[in-house]
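The values are calculated or read from the model by the stated rules, or taken from the named source; none is laboratory data. If you're wondering where the values come from, they're calculated on a predicted model, not measured in any experiment. Methodologically, a virtual Cβ is constructed for each residue, glycine included, from the backbone with ideal geometry; neighbour enumeration extends over all protein chains shown. When the accessible area is computed, the model is the full protein with side chains, heavy atoms only, and any ligands, DNA or RNA have been set aside. Shrake-Rupley method; radii C 1.70, N 1.55, O 1.52, S 1.80 Å.
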Amino acid sequence: MSEKVKFTIDGKEFEGTKGQFIVDAAAENGVYIPVLCHWKDVTPSGSCRICSVKVNGRFMTACTTPLEDGMEVESETEEIQDIRKAIVEMLFVEGNHFCPACEKSGDCDLQGLGYRYQMMVPRFPYAFERRELDAASPKIFLEKNRCIFCKRCIRMIKDEQGKSYFAFKYRGKDLEISMDKELAKNMSEELAQEAMDICPVGAILRKEVGFAKPIGTRKYDKMPIGSDVESSQK
Amino acid sequence: MAQKITIEPVTRVEGHGKVTIHLDSKMNVQQTRLHIVEFRGFERFVQGRPYWEAPVLVQRLCGICPVSHHLAAAKALDVIVGAGTGKGLTATGEKMRRLMHYGQMFQSHALHFFHLSSPDFLLGYDADPAIRNVVGVAQKFPELATQGVLMRKFGQEVINFTAGKKIHGTGAIPGGINKNLSIEERDFLLKGDDPMNVDKMIEWAGDAVNLFKDYYMQNREFVDNFAHFPSNHLSLVREDGALDFYHGVMRAVDSEGNRVLDDVDYQDYYKHIEEEVKNWSYMKFPYMKHLGKDKGWYRVGPLARLNCCDFIPTPKAQKEFEAFRAHTNGKPNNYCLHTHWARLIELLHSAEVIKELLEDPDLQKDDLVVKGKKGNEGVGLIEAPRGTLFHHYKINDDDQITMANLIVSTTNNNEPMNRSVNMVSKNMMTGKAVITEPMKNAVEVAIRAYDPCLSCATHALGKMPLDIKLYGPDDEELDHYKS
Ligand code: SF4
Ligand code: FES
């Protein structure tokens with residue numbers, strides 16, 4: 001049975017279920033800890049580090065750390081805020097993100113976090129990596145320039161046999177997201193839409209539907225990222 | 001393969017007006033050239049991109065009339081997604097786009113008149129440049145300046161409700177539009193508190209036309225003689241010959257009013273229009289193929305539109321149009337400065353069309369997009385505030401843009417602008433080895449009539465960024481003026 005435990009975030013006391021991830025326990029209590037690679041239904045990969053918190057004084061990723069009784073979590077401290085902002089900046093300079101013409105604008109988690117942490121000019125130099133576009137699949141336009149390597153698509157978008165439509169190619173700084181050409185041929189519209197929705201940026205685009213959502217109705221137009229969690233604060 | 005292009009800010013827009021004047025040994029003006037730095041990188045930039053991105057991406061070309069690029073691209077893509085042109089869209093799709101476009105026309109023309117050209121009319125072409133600007137107008141004619149600001153604001157609200165944003169919105173998508181007009185939005189524009197409603201806008205636009213006419217009555221000789229030269233005129237007209245900024249067929253008339261391009265389908269524009277590259281300018285020189293380089297160049301913009309169309313389909317503007325036409329006995333009007341008159345008649349027409357559209361229940365319907373059999377190529381033409389704008393795209397079977405060709409209004413006006421500047425300098429420079437103040441003013445006024453774009457035509461910021469160099473017979477620099 002689920003055992004209730006007590007923990008604190010930034011000095012405030014909360015209650016959660018032992019073993020659930022800190023990020024989820026926080027959300028249940030109305031505290032938003034940002035995530036990019038984390039997705040509720042799949043095993044966490046802990047790869048983006050945006051959810052970094054300090055647990056009993058040590059850095060941990062909130063999406064992979066199970067809750068234990070008496071944990072003291074720091075999240076909104078100046079130090080951690082700046083680390084998160086730095087991660088967002090790094091992701092921006094590492095890819096080629098041109099929000100003004102991106103159809104994910106307003107629905108993009110990375111952009112949402114850029115606003116949340118008030119990123120102005122990144123402190124890191126732009127990498128200007130050159131990445132190919134992959135338009136060969138009939139349903140998906142893969143904009144590799146925008147991939148932040150969260151692996152959500154690889155972990156979630158699979159066929160009935162459990163084969164992933166997406167995979168990483170190459171290594172190190174050449175790492176790239178790619179699509180299985182054969183599988184992609186038979187991808188359904190629904191799955192293509194799902195892939196587009198779970199991608200936290202504008203790397204996976206369902207073909208021919210861009211900009212159909214008017215400005216004002218996009219995910220973060222009225223409710224900035226995290227505000228849904230925060231508005232449920234008890 | 002995608003290419004990285006670094007864009008320096010100054011090259012992103014059609015920038016500075018640089019003028020070079022060459023004198024011969026008798027100190028006669030031999031040749032004057034207007035060099036405009038035009039950025040054509042967008043045509044490369046969009047290669048490889050998904051086609052549906054074009055209307056949003058390409059509008060970044062311009063911060064002044066982005067809606068025109070947005071819509072011209074969307075119109076080209078309508079053809080690609082099999083929706084066809086014009087009436088191929090749903091009534092709501094077509095009319096929402098029209099509303100967006102006429103809102104854009106209204107705000108752009110209002111901006112041009114009140115901020116850019118009214119200082120010349122109201123304070124005099126020869127007034128001290130220090131006061132001959134929008135601030136000078138605001139001080140002397142505060143009521144008028146306020147009207148200018150509010151008219152622009154009204155136009156921007158129209159854009160906001162149709163494109164989702166006042167600038168660089170997303171409304172038009174291939175095959176239609178992404179939203180309709182809510183009742184609240186409609187009523188805001190139709191019945192807004194005084195003065196922010198369409199009836200007031202129509203009234204003010206009418207006043208602006210009269211303002212020009214009064215000015216003209218008093219300065220007839222100057223206005224008529226300023227850089228007046230015959231030319232061909234080209235624009236879209238509705239199939240029945242009516243003035244139409246959003247859709248139609250291509251028509252051109254010569255300086256006598258003979259049709260030299262007879263209502264052709266713009267999908268075939270490349271059969272009729274050729275662009276010449278000259279080694280001294282980044283900007284191409286378009287001309288009508290069948291007439292050749294020397295005879296085939298043409299003007300676009302307000303003057304050209306009123307010279308091409310047979311009538312204006314709204315009552316108040318039609319009345320003004322009749323007076324405008326009567327002035328030249330029904331023949332095309334080739335007076336450079338009458339462009340301002342034409343622009344104000346269009347301002348009035350835009351306000352009237354906005355009202356008609358707002359009263360149309362089709363705008364509240366939900367049928368927004370149509371698609372048909374997909375193709376690989378499409379052309380979109382639109383009458384932008386400054387004249388005909390051409391967008392042409394080809395895509396591959398993977399939905400990527402493989403080719404884009406844009407002919408922007410200012411490019412269409414390249415030759416006439418050069419002619420105007422040439423005439424002005426011939427009239428005012430001959431025999432002089434220095435650049436005089438009246439000469440500078442005249443060059444500015446000539447360029448501004450074409451409204452090439454804010455960075456060129458701006459009065460608003462005080463000065464027009466102008467750079468004039470005067471050369472003697474041996475190419476030695478005699479004088480240099482830089483604002
Ligand atoms: S394509 Fe999107 S979902 Fe897949 S790894 Fe890249 S950013 Fe994550
Ligand atoms: S969300 Fe926790 S590491 Fe990415």
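Remark: chain A projects, on average over all directions, an area of 14.1 nm² (convex hull of Cα atoms). Our coupling estimate for segment B:283-292, obtained by passing each phi through the Karplus curve with A = 6.51, B = -1.76, C = 1.60 and θ = phi - 60°, is 8, 6, 10, x, 8, 7, 3, 5, 9, x Hz, Gly and Pro reported as x. Each Cα pair under 8 Å and six or more residues apart adds its separation to the average, and for segment A:4-75 the resulting relative contact order is 41 percent.
Taking 1.567 mPa s as the viscosity and 4 °C as the temperature, the Stokes-Einstein diffusion coefficient of segment A:1-123 based on its alpha-carbon Kirkwood radius rounds to 85 µm²/s.
Would you please classify the overall shape of segment B:297-414 from the alpha carbon gyration tensor, given that a ≥ b ≥ c denote the square roots of the eigenvalues, rounded means a/c under 1.5, and beyond that prolate means a/b larger than b/c while oblate covers the rest? Cα axes put segment B:297-414 in the oblate bin. Accessible surface area normalised per residue over segment A:4-75 is 45 Å², counting heavy atoms of protein chains with a 1.4 Å rolling probe. For helix B:338-358, report the angle its Cα long axis makes with the longest principal axis of the Cα atoms of chain B; keep it between 0 and 90° and round to the nearest 10°. Taking Cα atoms only, the helix is inclined about 10 degrees. Between the C-alpha center of segment B:195-241 and that of segment B:302-344 there is a gap of 7 Å.
Eigenvalues of the alpha-carbon gyration tensor of segment B:190-328, scaled by 5 and square-rooted, set the equivalent ellipsoid semi-axes at 31, 20, 15 angstrom, largest first.
Per-residue shielding of A:130-139, expressed as the average number of other chain Cβ atoms within 10 Å of the residue Cβ, stands at 3. Taking every DSSP bridge with both residues inside the protein assembly as shown, close to 85 percent are antiparallel. B:Glu275 contributes about 40 Å² of solvent-accessible surface, heavy atoms of the protein only, 1.4 Å probe. Counted over segment A:4-75, the DSSP beta bridges are approximately 85% antiparallel. Calculated FRET efficiency, B:His228 to B:Ser182, Cβ-Cβ distance, R0 = 51 Å: about 0.60 to the nearest 0.05. Counting Cβ atoms of other protein chains within 10 Å of each residue's Cβ and taking the mean over peptide A:217-225 gives 1. Note on the protein assembly as shown: Kirkwood hydrodynamic radius from all Cα pairs is 28.1 Å, rounded to one decimal. Of all DSSP-defined beta bridges confined to chain A, some 90% are antiparallel rather than parallel. Length, then width, then depth: along the principal axes, the Cα atoms of segment B:277-338 run 46, 22, 20 Å. To the nearest ten degrees, helix B:437-449 and the longest principal axis of the Cα atoms of chain B are 20 degrees apart.
So which of B:Lys284/B:Lys374; B:Lys153/B:Lys355; A:Lys104/B:Lys371; A:Lys54/A:Lys219; B:Lys271/B:Lys394 end up more than 25 Å apart, counting from Cα to Cα? Those over the limit are B:Lys284/B:Lys374; A:Lys54/A:Lys219. For the residues of B:48-57, the average number of beta carbons from a partner chain within 10 Å of their own beta carbon is 5. Quick check: Cα centre of segment A:9-51 to Cα centre of segment A:62-105, how many Å? The two parts, judged by their Cα centres, are 12 Å apart. For the peptides A:122-134, A:79-91, B:231-243, B:410-422, residues were scored by their other Cβ atoms within 10 Å and the scores averaged per peptide; the highest-first order is B:410-422, B:231-243, A:79-91, A:122-134. Projecting the alpha carbon convex hull of segment A:1-58 along each direction and taking the average yields 4.5 nm². Rolling a 1.4 Å probe over the protein chains gives A:Asp69 an accessible area of about 110 Å².
Bridging of A:Lys144 to aspartates and glutamates at a Cα separation below 12 Å is possible for A:Glu94, A:Glu129, A:Glu132, A:Asp134, A:Asp174, A:Glu176, once same-chain residues fewer than 8 apart are set aside.
Pairs of Cα atoms in chain B fall into 10 Å distance bins, from 0 up to the last occupied one, in shares of 4, 20, 31, 27, 13, 3, 0, 0 percent. Against chain B, whose longest principal axis comes from its Cα atoms, helix B:142-163 is set at around 40 degrees.
Using a Cα-Cα cut-off of under 29 Å, which lysines could be cross-linked to B:Lys432, ignoring same-chain neighbours fewer than 8 residues away? Cα-Cα hits under 29 Å: B:Lys18, B:Lys26, B:Lys278, B:Lys440, B:Lys463, B:Lys469, B:Lys482.
Which log10 I(q)/I(0) values, to two decimals, does segment A:84-206 give at q = 0.09, 0.14 Å⁻¹ under the Debye formula with one point per Cα? Here the Debye-derived log intensity ratios amount to -0.25, -0.59.
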